[in-house]
Each structure stands twice: as structure tokens, then as C-alpha cells.
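Read through the structure below, which is laid out as C-alpha cells, and then see the notes.
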Amino acid sequence: MIQPGQTIELTYPDCTLIGAIRDFRERRLVVRSIRDLVAEPLTIAEYLRRPMLARSRWLLQCWDVERRCWRKFYLGSSREHERPGLLRVGLYRPGATRPDELVSRAFGPTRMERRVLARVLADWVDADLGRLQLRVLADDLALYRGDERSAG
């Protein structure tokens, strides 16, 4: 299990844009924080700021020892923890860590799928949802088994 303060090594791509993941390099990282995109899903604005970014459930904020700077790493983009990167839209109550309802199908890790998701979000941005909030979450609810490590 990955914890804040832990030093980890990941094989991570130089570029994490959908369709551009090619060259991987070893990274030595000191974990500062871990964000679970189910418990802390993306806001519409966060998603729309970088819709073509390959995303997965666990987002690590880390000190990159080699580059000597703070960076963010989606664990599912690493070779060691590779995940398909499916995203869904859910309705959350304020402060909730699970969606009340999933309101979309899963959107895959392709440029076309991410453009469709952006259009869906744009259509819903002004909808009156009462106290519920529209959020983008990672559709990766599987638990790791055996010797695989989970971030959460």
C-alpha cells in the first residue's frame, strides 16, 4: 500500500496525453499526497482543463527526485499499475466519498471518447441538480489482489 512520505519507483511515461503515451522512464518519487478519484472526483472544470490527460483512480502528488520538482502522477499510467483509464460521471452529495448515482456510461481512453465526455459535461453544466454535484470519477472500483499494491 502506497502511503504519503513513502519513496517509490515507477516506470512512467514522459507524456500522459491520450494517444501519446510511448516513452517510459524510471522515476524515483517521494509521495506527498494521494487522491482517490472515486472519493474525491474531478469537478467539471478540472476535467475540462485537461480532457485529453490519461487518468486513473489514484493521483499521486510527489517530489520527483531526478527532476527536483513537485509533479502529479496517475498511478494507472505507470507500467507497474496500468489500468484502462475509464471515466464516468456521477452525482455526489456535498462531502460524500461515493456517488449517489452514476449517470453516464464508461468513457474509454481515446481522444474521441474524451471529446464526447467533454460535450456531455458541457450539456449538463447548467442543469439544476438540487444539492447534488456533477463529478467525473475513475471507473476503476476493482480492489487489488495478491501481491499487487493498492494506493488506497
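The values are calculated or read from the model by the stated rules, or taken from the named source; none is laboratory data. Here the structure is a predicted model, which means the values were calculated and not measured. As a convention, Cβ positions derive from the backbone with ideal geometry for all residues, glycine included, and neighbour counts pool all protein chains shown.
Table for the structure above
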quantity	calculated
Some residue of the range 120-130 being within 14 Å of LEU37 (Cβ to Cβ), buried (at least 18 other Cβ atoms within 10 Å of the Cβ) and touching a strand residue (DSSP E or B) at 6+ places or on another chain (Cβ under 9 Å)	no
Residue list for the range 37-93, filter: aliphatic (A, V, I, L, M) and either modelled with pLDDT under 95 or not in a strand (DSSP E or B) (or both)	LEU37, VAL38, ALA39, ILE44, ALA45, LEU48, MET52, ALA54, VAL65, LEU75, LEU86
Residue within the range 114-127 that is over 13 Å from THR43 (Cα atoms) and of a type in the set (Gly, Ala, Ser) present	yes
Any hit, the range 127-134, residues being part of a loop (DSSP other than H, G, I, E, B) and either among the aromatic types (Phe, Trp, Tyr) or at positive phi (or both)	yes
Count - residues of the range 40-89 that are of a type in the set (Ser, Thr, Tyr) and under 15 Å from ASP139 (Cβ atoms)	3
Given (1) outside any loop (DSSP other than H, G, I, E, B); (2) closer than 18 Å to THR7 by Cα, index of the condition LEU117 fails	(2)
Inter-residue pairs, beta-carbon under 7 Å, first without any contact (Cβ under 8 Å) to a residue 40 or more places away in the chain and in the range 104-127, second among the aliphatic types (A, V, I, L, M) and assigned to a helix (DSSP H, G or I), 6+ apart	SER104/VAL120; PHE107/VAL116; PHE107/LEU117
Identity of the residue in the range 1-49, touching a helix residue (DSSP H, G or I) at 6+ places or on another chain (Cβ under 7 Å) and aromatic (Phe, Trp, Tyr), that ends up surrounded by the most Cβ atoms within 10 Å (Cβ to Cβ)	TYR12
